[in-house]
1. Which FRET efficiency value, to the nearest 0.05, is calculated for B:THR126 and A:HIS44 with the Förster distance at 30 angstrom and r the Cβ-Cβ distance?
2. In segment B:317-357, which GluC sites (Glu not before Pro) are in a loop and have at most 13 other Cβ atoms within 10 Å, using DSSP for the loop call?
3. Roughly how tilted is helix A:131-141, in degrees to the nearest 10 and between 0 and 90, from the longest Cα axis of chain A?
4. Heavy-atom accessible area per residue, segment B:207-360, 1.4 Å probe: how many Å²?
5. Would you be so kind as to list the residues of segment A:64-101 that have their accessible area lowered by at least 40 Å² in the full protein complex compared with their chain by itself (1.4 Å probe)?
6. Write out the GluC sites (Glu not before Pro) in segment B:229-283 meeting two conditions: DSSP loop, and at most 15 other Cβ atoms within 10 Å of their Cβ.
7. Taking amide H atoms as placed 1.01 Å from N in the peptide plane, list the residues 5 or more away in sequence, or in a different chain, whose amide H sits under 5 Å from that of A:CYS40.
8. Can you compute the helix-only [θ] at 222 nm over chain B? Use -39500 (n - 2.57) per DSSP H run of at least 4 residues, normalise by all residues, nearest 500 deg cm²/dmol.
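The values are calculated or read from the model by the stated rules, or taken from the named source; none is laboratory data. This is a predicted model, so every value here is computed, not measured. FYI the Cβ positions are ideal-geometry reconstructions off the backbone, even for glycines, and counts take in every protein chain you see. Ligands, DNA and RNA are stripped out before the accessible areas are found, and what is left, the full protein with its side chains, is counted by its heavy atoms. Shrake-Rupley method; radii C 1.70, N 1.55, O 1.52, S 1.80 Å.
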Amino acid sequence: MNKTYTVSIYSENNIGLLSRISAIFLKRHINIESLTVSECEIEHVSRFVIVAAMDEDQVRKIVGQLEKQIEVIKAYYHTDEETIYQETALFKIKSDLLFDERQIQNIIKNSNANIVTVAREFFVIEKTGRRHETDALYDELAPFGIMQFVRSGRIAVSKAEMNISALLQEFQNA
Amino acid sequence: METLKEKLVETESKASIKISGAEAVIRCLLEEGVDLIYGYPGGAIMPVYDELYKFRDQLHHVLTRHEQGATHAAQGYARVSGRVGVAMATSGPGATNLVTGIADAQIDSTPMVCITGQVPRHLLGTDAFQETDIIGISTPVTKWSYQVTKAADIPTALAKAFYIARSGRPGPVLIDITKNAQFEEFDFSYKKCTGIRSYKPKPVMDPAKVEEAAALINSAKKPYIVFGQGVILGKAEEELKTLIEKAGIPAASTVLGLSALPTEHPLHMGMVGMHGNYGPNLLTNECDVLIAIGMRFDDRVTGDLNTYAKQARVIHFEIDPAEVDKNVKTDVAVLGDVKETLQHLLPLVKENKHEAWCREFEEKHAIEYDKVIKNDLFPAKEKLTMGEVIEKINKRTGGDAVIVSDVGQHQMIACRYAKFNQTKSNVTSGGLGTMGFALPAAIGAKMGSPDREVVAIIGDGGYQMTIQELGTIFQTRVPVKIVVLNNDFLGMVRQWQQLFFDKRYASTELVNPDFITIAKGYHIPAKRVTGREELDGAIDEMIASEEAYFLEVCVEKEDNVFPMIPTGASVSDCRLE
Ligand SMILES: Cc1ncc(C[n+]2csc(CCOP(=O)(O)OP(=O)(O)O)c2C)c(N)n1
């Protein structure tokens, strides 16, 4: 049964690793829904967060293949219940609306969104939350006209511990 | 390159010297103990070739006639010697011509380092002359790859390349070096790589798993071992043999596992897989404990997974954690270096004999002998069979030769009937099934084991895929023996057309050239055999030859290879006709 899995990969920061990682999904015909790469809590170590729908057998095998890559230190997979995750969405909207449509200000307030910037022509709202929350805000704002909309990939931390520092320490001491 | 991520140890040449990147490439190879490489020059790798000229007394370069040939030769060399094969090519077409060999080495776990030249750094990404993104192209088929754009990175990149290629589950590594990096001068010193922090070549053995495996083996009534190339790569041939003998367990090999156990060993029951032996296939579904050692349950081995060994408890000895439960669900996974895990297992295994169970294999063998083997090896019909050629070669070499086979019917026949007395004797393209593999691989195999007889068994189709390597044989005088089993067909495809496509022979008939004239053009002694009475003499002459020799044997055109498990069928549906 297909489910949304968050795959987290700790790796050395290396050119080319991204294409190695995406090739592993491609080879199995699995669509990556979102992908985020950033530095993590350990210096020089990158963390990939990849969201994709598949069954558990597939995700287990994919994580196995990921861990085989030379630069991958460790890979994990988690279900939504096992992670704390968020996405950020930005909405660009005509400035007039902010002043002409009182409703918009209420929507922003009620949805816990922030106004990031206000310019002459447009203003930008930022909303961080679960997918359904940014979707809901989108639906509310859409009737007024959205000039641009963009949503980040998922970022997630697991509820359980990931012992990367210990793993790296092991190498240093070996 | 960062060094806190790699563990590097100083080798002899401690004092650093100022040299070019190109010279550094050669010195790195020498530091790694390389004395033979295969390759083809071109613009972007010329500085390295210039250094090869200077170092020609220490590092022998074999000029193949195509870069694909260089990779297969490096593979053949690696497969018989256990050392890392090295292939070199220029950028663009030189590099892309390596890809088939790299993919072959990846799927068959062959240690190989490929070095490619690349356009100068400032031209990267400009679609410069002979620029291709070989890192991008080769990523899915390499164990690791890296582009070097400055000379100072060459030693670390190559040290890592060799370490990665040969450690753990071996595989191909590609290092792409921009031309400016080859010209640049820098202070050279070499440190061998002994570890990379993100890479664990061998999982740590869990003694509890070994104990669990031992208990299961000891309680088994019908245990059955299927072994693969992992045994050879892990140098665990002795341990395998001891296990089989001590516990009295019948064993069968995958295609790539062949020669890990001598063919004539009484407990060697043959080969599994699509064209494997009858008993080993059928009895997979009769055993109570299936012990897989250094093999990966390829689909050509298992057939339909839903009907594969469902009755059995499965033990899997494996170095690559990603292989466990990939295709077949395991009950006990024993991860680690197979030599180490088997050594731990041996004292825990009780001495045993499973005579009645072994007899089941013999009974199945008798059926297969009657229906298939007898007719293959001792045919009553007029036309020659592929099997009798292999049988004659066995007789003449006594089973001591390295047999290099190409891909198709002749390959399956060679794997089924060749006799192997010692390990690392069966060189064939298993996972990728690369036609054109055998001729160049035989060159590498002979150079990697000069004291052994090397016989290549090739089809008339595959032969013409890399036939240009006759030029390499002529130039290097490498004494390989080449046998082309000529059926004037792409035989294996024709067999499928006959069995599954109502004999519609679409594009499988070959109108062949005069192979003897071609061989003679390269001054290679050559003979064609069309009748049984000439076969013995011709094989004697070939084996006795001190130089390379080409033998064409015209065989029955429309013979089929049996037994056969049709694609997607169960191992229980192994057909004898
Ligand atoms: C490079 C490549 N192309 C196509 C195939 C598909 N294929 C597998 S076996 C075979 C026929 C081989 O014919 P031949 O070399 O004459 O050997 P035979 O089967 O007759 O012994 C073909 C075309 C392949 N394995 N490799």
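1. Plugging the Cβ-Cβ distance into 1/(1 + (r/R0)^6) gives 0.50.
2. Numbers: sites: B:GLU318, B:GLU323, B:GLU340, B:GLU351, B:GLU355; in loops: B:GLU351.
Answer in residue order: B:GLU351.
3. For helix A:131-141, the angle is close to 20 degrees.
4. On the way: 5490 Å² over 154 residues.
Per-residue value: 36 Å².
5. A:LYS68, A:ILE70
6. Passing sites in segment B:229-283 are B:GLU264.
7. Hits under the 5 Å cutoff: A:VAL45, A:ARG47.
8. Here the helix-only value at 222 nm equals -10000 deg cm²/dmol.
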